[in-house]
1. Collect residues whose amide H, placed 1.01 Å from N in the peptide plane, falls under 5 Å from the amide H of Thr418; neighbours closer than 5 in sequence don't count.
2. Once you charge only the Cβ atoms, +1 for Lys and Arg and -1 for Asp and Glu, what is the size of the charge dipole of the chain about its Cα centre, to the nearest 20 debye?
3. My understanding is that a pair violates if its Cα-Cα distance is over 28 Å; which of Lys54/Lys406; Lys42/Lys355; Lys42/Lys319; Lys270/Lys336; Lys42/Lys406; Lys355/Lys406 do that in this structure?
4. Using Cα pairs under 8 angstrom and six or more residues apart, how large is the relative contact order of segment 316-444, in percent?
5. How do 175-181, 220-226, 233-239 rank on mean C-beta neighbours within 10 Å, highest first?
6. Taking only C-alpha pairs under 8 Å that are 6+ residues apart, what is the relative contact order of the chain in percent?
7. What are the ³J(HN,Hα) values, in whole Hz, obtained from phi via the Karplus relation 6.51 cos²θ - 1.76 cosθ + 1.60 with θ = phi - 60°, for each residue of segment 114-120 in sequence order, with x given for Gly and Pro?
8. When a/c is below 1.5 the answer is rounded, else prolate if a/b is larger than b/c, else oblate, so apply that to segment 2-168 with a ≥ b ≥ c taken from the square roots of the Cα gyration tensor eigenvalues.
Amino acid sequence: MANGLEPTLRRALEDVVAESVRSPIPSGTPRKTYGRVWLPGKATSVIGMRRTGKTMFVHQLRHERLRSGVHREHLPYINFEDERLTGLEGRHLGFLLDEYARIVSNAPQQGNVLWSFDEIQVVPDWERFIRRCLDSGVVDVVVSGSSADLLSREIATSLRGRAWAVPMFPFGFAEYLTHNAITIPTSHGSLTSKTRGVIEHAFTTWLQHGGMPETLGHDTATRMQVLRDHVDVVMLRDVVERHDVSNVHGLRWLVRHLLGNAGSLFSVEKFHGVLKAQGVPIGRDALHHMIGHLEDCFLIRVVQMESTSERQRMVNPRKIYPVDQGFMSVFDRSGKSNIGHALETSVLIELERRKCVVTYVRTPDGHEVDFLARDPEGNTLLIQACADASSTDTVQREVRALIEAKQLYPHANALLLTRTRDGLPTADVQGVTALPAYEWMLEE
């Protein structure tokens with residue numbers, strides 16, 4: 001038996017390869033990415049939380065190749081969670097290339113073939129096969145996946161420097177508009193009041209509901225249940241199973257607290273004390289590890305205080321946000337409107353989508369600025385997210401913090417981002433630019 005393949009598995013591989021070059025390429029809402037998607041000699045690794053649309057983005061990349069003139073047969077796609085491929089091992093994967101060469105007689109000898117491998121981590125020793133594909137120089141490779149056996153971030157690590165990571169987040173606002181067939185304005189200055197009303201209504205809805213693709217268009221009860229299910233799967237498969245976490249009760253307490261208190265200052269010491277008072281036995285080190293696991297699987301994002309001192313960054317409280325503002329309403333039990341924290345969360349995720357390194361700032365006078373962001377081009381932004389700019393006192397407080405922070409970072413651009421245009425200053429205030437967050441998010 002060639003390659004040690006059982007006849008049944010061999011026939012399954014033959015069928016899968018044939019389907020991969022003939023079946024229609026699925027279409028979905030186009031996703032926007034920043035920076036390069038391809039790098040010579042590296043596999044493109046699509047990473048992110050479960051159910052954020054990684055597979056559909058892989059198909060989007062295939063569509064882009066198709067539009068550029070690549071033949072459909074040169075865009076094979078294999079999903080290794082196909083039950084027919086149960087029992088497949090890394091040593092069998094070479095058969096895919098052999099079978100492809102047999103049925104596609106016009107396959108180019110150098111480049112221009114894109115192999116897409118989804119959930120490849122279920123195959124033992126898959127990394128060697130991918131590295132061999134890259135070494136051949138004959139094909140381009142895109143991989144994606146997430147499971148209890150291998151978190152999606154670790155795909156890049158497993159390839160030992162041969163992967164180019166492309167993070168996939170829930171729908172940003174531009175993608176949300178596209179998904180709902182709402183025209184994205186090209187110029188905000190000339191918007192009619194009716195058009196602006198449509199955009200601002202959609203923005204508020206997106207802030208409340210979030211951008212997880214599977215939740216869009218559903219009623220409130222269904223949306224909330226889908227989000228709960230997403231969190232349960234991440235906790236149980238990507239944290240409990242993956243890292244052999246035994247204190248599931250303590251993990252649930254931690255997740256409920258973090259997702260229900262987005263953007264609040266978080267201290268492991270204080271939270272440990274709260275759990276201890278509630279009779280929940282858990283160690284401080286266990287909490288630190290759990291936070292790391294939750295961040296690795298993209299359920300939460302962690303923002304540290306800006307400081308040149310590593311010790312200061314470690315000892316000061318962190319701010320922790322969900323990867324999507326839609327999770328907040330599921331776990332916030334205060335009964336209060338969380339639109340302000342939802343706006344702050346959405347701004348952070350947009351900054352991460354733009355590949356910024358993000359911290360928060362505390363000024364010498366004790367005022368706080370939500371984000372200090374450094375983009376890949378070396379530009380620096382100071383950002384305050386303010387949901388309601390109709391209160392003069394609120395705007396003055398937010399602007400004052402930005403002005404103080406700008407004295408510490410004089411080369412930074414200072415932004416006050418709001419939910420709507422209501423109450424916005426008509427001109428820049430002492431170097432602070434105020435504009436609706438949706439205008440900033442939709443700018444090219």
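Any read-out appearing in this document is the output of simple, stated calculations on the displayed coordinates, not a laboratory observation. Everything numeric in this text was worked out from a predicted model, so none of it was measured. With ideal geometry, Cβ positions are generated from the backbone for all residues, glycine too; neighbour counts draw on all protein chains shown.
1. Cys386, Leu435, Ala437
2. Charge dipole, the chain, about its Cα centre: 260 debye, nearest 20.
3. Over 28 Å apart, Cα to Cα: Lys54/Lys406; Lys42/Lys319; Lys42/Lys406.
4. Reported relative contact order: 18 percent.
5. Most protected by this proxy first, the peptides run 233-239, 175-181, 220-226.
6. It comes to 13 percent, rounded to a whole number.
7. 10, 8, 10, 10, 9, 6, 5
8. rounded
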